[in-house]
Structures are given as C-alpha cells and as structure tokens.
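**Student:** The structure that follows is given in the form of structure tokens.
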Amino acid sequence: MKTLLRAIEKAWGLSRRGRKLSILIYHRVLPEPDPMRPAEPDARLFDNQMEILAQHTRVLPLPEAVARLQAGALPPRATAVTFDDGYADNHLHALPILRRHGLPATFFIATGYLNGGRMFNDTVIEAVRRAPGETLDLRDRGLGYHRLDGVEERRGAAESIIRAIKYLTPQVRDASIEDLTERIGVPLPDDLMMTDGQVRGLCDAGMTVGAHTVSHPILAQVDEKQARWEIGESAERLRSLCGVPVESFAYPNGKPGRDYTDRDRALLRRAGFRLAVSTSPGAAGHGWDPFQLPRFTPWDRAPWRFLTRLALNSGHDGVLARSGQ
Ligand SMILES: [Zn+2]
C-alpha cells in the first residue's frame, strides 16, 4: 500500500496538475457514523484522510497557500483543509486530529449560530430523526408526505424537505421550520455549533478562522445592504473573538453564479478580505481569481482511491474562474 501511495504521489507531483492548489471542504467530523448524515466523515475516516494529506501532500494554511499561488511559488501537491459553518465537532473531534498530524486548517463560521444556535438543515434532520409515528404529512405546507418507518426513510424525508425549503426566502423558510418543529414537538439539540470559547480555542491552536456570514443566507438572494451587513458583521465578531483580522470568506452554499454574484465579490474586496472559496469542484492554478477558489473532497474510503481522486480533481479547472471574469 505504501509503495502504491508513493507512486501516485510521484506521478501527481510530476504532472502539471501537481502545481495547482487543492482545497478540501469539510462540514462535520462526527464521533461515529450517522445514517442520517451518510456524507459526513466520522473521526476515524477523517484521521485516515489527514494521515494521507500529511504523508503525501504539502498542507498549507489557506491564506499562505493563496499568497504563494498568486506569487507563482506554490510547492508541488499543495493542499489546504477547510471547514464550513462552525460545528462544535470541529473543535471536539477535528482539532485534536489536526494537531496530532501537525496540520493547519481554516474554519469558516456562520457567527449567528454560535452558542446554542441551529442551522435550518440540522433542525430538519434532528426533528425528522426524532419524530414520533411512522409517517409525516406536510402536504398542507407543500412539503410532501413522508414515510418514517426506517432510518433510510427518515433520511430520505429529511433530504427531501431540505431540498424543498433551501431556496425559499428566509422568512418563509423559517416559518416552515417552526411549523415542522411544532408538529413534531420533541426537544432538539442545542449544542451542535461552537461556543465563543471553542472558536477562541481554534485560534489559540494556530488555526485560521474565516467569515461565512451571520445567518447563512444565499447572498444572491439578499439586497446589497443586507449582504454587506452579513459579511461585515460576521468578520467583526470573529475579529473580536480571536483578536486578528479576518481575511478569508466562504460563500454560503457556494455555487458560482447561483449562490453569489460579482456584487458579493466586490463587497468582499472592499471589506478588506483577501480570498473567498466556493463549492465548485476543481483546483486553482496560477492566475486564478482569489475570490472564487474551488474546493473538493474525495469521498473514497480506500487511501489509494482518496489520493488518486484528489490528484485527478486537480486536473479540473472547475466551472471558472480566471481573474477578471
Ligand atoms: Zn455553509
């Protein structure tokens, strides 16, 4: 296995794609696998992935990686690790693993959910997980009729409700969520997101924090005043928590052209940010727009597949985005 991984590393480093920056995106690191969240890694898988990155890539702090990319001084097989949203498990489970491997990471935090908040998608998942009965009828809300008689059914129900409400205006979305939680009527967890102290703990450990807005709106759907506030307020809150300027940003939802626009890139520049990441797959080459850097995480469990997919992804230019486009 070691020989195979070294061979993949060598081939990647020698190819042109080995000169690009691969930014990995994570949200959660669960203490153990959760059938309601099959896409989220557990601590063991995350540990294995960090081991591969530490052994076979050059993991850099994201701001340094982007500065070196812009200067044309990126080392071969450069990678950066990022997390979105601000989940408490980032501090509880990811941080000790990162420290053990000596790896830096950047945490993009939606500041409005710190200290007991809950994002709407988690409210749906946790409510549907705990809902009594074997069916959930939300047809009067336009959210369908769902079977709940097995974990697969519950996962499917939560996914379908999230899909249906994701792009509603925040007011309509929040009304639907409130209605859902009232109908289900069970207590939901309030410790999913980090506390102020946990954010400070990340900074004290030498990690980078970046802004991810206050309330996680789709920026393309809010007016300029609101977008400016979401961006500036989240950066200011993190600056006051960690005592350092916040220069990195992740667009909520992050699909180029759909979830953020040129206006938002301009707002970030004016607010003093130096880089922003999207959720478009691919890897960034020299001359890339630092305000829409692509991100990608391989889903493979086998180490050689994980490393191969990471190398192959760095051959993609993503949807865009050279400077000036
Ligand atoms: Zn997010």
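**Student:** Just the residues that are outside any loop (DSSP other than H, G, I, E, B) and within 16 Å of the ligand (Cβ to nearest atom), please, taken from segment 254-309. Please lay out each step first, then the result.
**Tutor:** Here is the first cut: in segment 254-309, the residues outside any loop (DSSP other than H, G, I, E, B) are 256, 260, 262-270, 275-277, 284, 288, 293, 303-309.
Residues satisfying the conditions are 256, 260, 264, 268, 276, 277, 293.
**Student:** May I ask you to list the residues in segment 74-87 that are within 15 Å of the ligand (Cβ to nearest atom) and either in contact (Cβ under 8 Å) with a residue 60 or more places away in the chain or outside any strand (DSSP E or B) (or both)?
**Tutor:** Within segment 74-87, 82, 84, 85, 86, 87 qualify.
**Student:** In the list 172, 128, 124, which residue meets the criterion of being outside the structural domain of residue 53 (by TED's automatic domain parsing), under 23 Å from residue 250 (Cβ atoms), assigned to a helix (DSSP H, G or I) and β-branched (Val, Ile, Thr)?
**Tutor:** On the way: 172 fails: under 23 Å from residue 250 (Cβ atoms); 128 fails: under 23 Å from residue 250 (Cβ atoms).
None of the others qualify; the one that does is 124.
**Student:** In segment 146-173, what residues are modelled with pLDDT under 95 and in contact with a Leu (Cβ under 9 Å, 6 or more places away or on another chain)?
**Tutor:** Across segment 146-173, the qualifying residues are 164, 165.
**Student:** Next question, about the same structure. Would you please list the contacts, defined by Cβ atoms under 6 Å and residues six or more apart or on different chains, that run from a residue in segment 56-73 that is assigned by TED's automatic domain parsing to the domain that holds residue 26 to a residue that is crowded, with 21+ Cβ neighbours inside 10 Å and in a helix (DSSP H, G or I)?
**Tutor:** Matching pairs, first to second residue: 56/307; 59/53.
**Student:** Six or more apart or on different chains, Cβ atoms under 7 Å: show the pairs whose first residue is in segment 252-270 and in contact (Cβ under 8 Å) with a residue 60 or more places away in the chain and whose second is within 16 Å of the ligand (Cβ to nearest atom) and in a helix (DSSP H, G or I).
**Tutor:** From segment 252-270, the pairs are 252/219.
**Student:** From the list 279, 213, 195, 208, which one is among the hydroxyl-bearing types (Ser, Thr, Tyr), out of contact with any Pro (no Cβ under 9 Å at 6 or more places or on another chain) and outside the structural domain of residue 127 (by TED's automatic domain parsing)? Explain how you work it out, then say what you get.
**Tutor:** Numbers: 279 fails: out of contact with any Pro (no Cβ under 9 Å at 6 or more places or on another chain); 213 fails: out of contact with any Pro (no Cβ under 9 Å at 6 or more places or on another chain); 208 fails: out of contact with any Pro (no Cβ under 9 Å at 6 or more places or on another chain).
One residue alone meets the criteria, 195.
**Student:** Okay, next question. Among the residues of segment 89-99, is there at least one that is out of contact with any helix residue (DSSP H, G or I) (no Cβ under 8 Å at 6 or more places or on another chain), in a helix (DSSP H, G or I), more than 29 Å from residue 233 (Cα to Cα) and touching a residue at least 40 places away in the same chain (Cβ under 8 Å)?
**Tutor:** yes
**Student:** I would also like to ask the following. Tally time: how many residues in segment 256-287 are within 17 Å of residue 313 (Cα to Cα) and surrounded by fewer than 19 Cβ atoms within 10 Å (Cβ to Cβ)? Walk me through how you get there before you give the answer.
**Tutor:** First, the residues of segment 256-287 that are within 17 Å of residue 313 (Cα to Cα): 277-286.
The next check asks that each one be surrounded by fewer than 19 Cβ atoms within 10 Å (Cβ to Cβ); those that pass are 279, 281, 285-286.
Number satisfying all stated conditions: 4.
**Student:** Here is a follow-up. Within segment 84-103, identify whether any single residue is within 25 Å of residue 44 (Cβ to Cβ), of a type in the set (Phe, Trp, Tyr), surrounded by 21 or more Cβ atoms within 10 Å (Cβ to Cβ) and touching a Phe, Trp or Tyr at 6+ places or on another chain (Cβ under 6 Å), and answer yes or no. Step through it out loud before you land on a result.
**Tutor:** We begin by selecting, within segment 84-103, every residue within 25 Å of residue 44 (Cβ to Cβ); these are 84-103.
Okay, now just the ones that are also of a type in the set (Phe, Trp, Tyr), so 87.
Checking which are surrounded by 21 or more Cβ atoms within 10 Å (Cβ to Cβ) leaves us with 87.
When the remaining residues are screened for being touching a Phe, Trp or Tyr at 6+ places or on another chain (Cβ under 6 Å), the result is none.
No, segment 84-103 contains no residue that is within 25 Å of residue 44 (Cβ to Cβ), of a type in the set (Phe, Trp, Tyr), surrounded by 21 or more Cβ atoms within 10 Å (Cβ to Cβ) and touching a Phe, Trp or Tyr at 6+ places or on another chain (Cβ under 6 Å).
**Student:** Of everything in segment 8-33, what is surrounded by fewer than 17 Cβ atoms within 10 Å (Cβ to Cβ) and in a helix (DSSP H, G or I)? Give them in sequence order.
**Tutor:** Once the filter is applied, which keeps residues that are surrounded by fewer than 17 Cβ atoms within 10 Å (Cβ to Cβ) and in a helix (DSSP H, G or I), segment 8-33 yields 10, 11, 14, 16.
**Student:** Right, something else. In segment 223-249, what count of residues is obtained for those that are farther than 16 Å from residue 114 by Cβ and within 15 Å of the ligand (Cβ to nearest atom)? Show your work before the answer.
**Tutor:** Initial filter on segment 223-249 (farther than 16 Å from residue 114 by Cβ): 223-229, 231-232, 243-245, 247-249.
Checking the rest, the ones that are also within 15 Å of the ligand (Cβ to nearest atom) come to 231, 248-249.
Number satisfying all stated conditions: 3.
**Student:** Tell me yes or no: at least one residue of segment 39-51 is part of a loop (DSSP other than H, G, I, E, B) and more than 18 Å from the chain's Cα centre (by Cα). Lay out the reasoning, then the answer.
**Tutor:** Quick first cut of segment 39-51, residues part of a loop (DSSP other than H, G, I, E, B) only: 39-41.
After this cut, where a residue has to be more than 18 Å from the chain's Cα centre (by Cα) as well, the list is none.
Scanning segment 39-51 turns up no residue that is part of a loop (DSSP other than H, G, I, E, B) and more than 18 Å from the chain's Cα centre (by Cα).
The values are calculated or read from the model by the stated rules, or taken from the named source; none is laboratory data. Computed from a predicted structure; not experimentally measured. Virtual Cβ from ideal backbone geometry, glycine too; neighbours counted across all protein chains shown.
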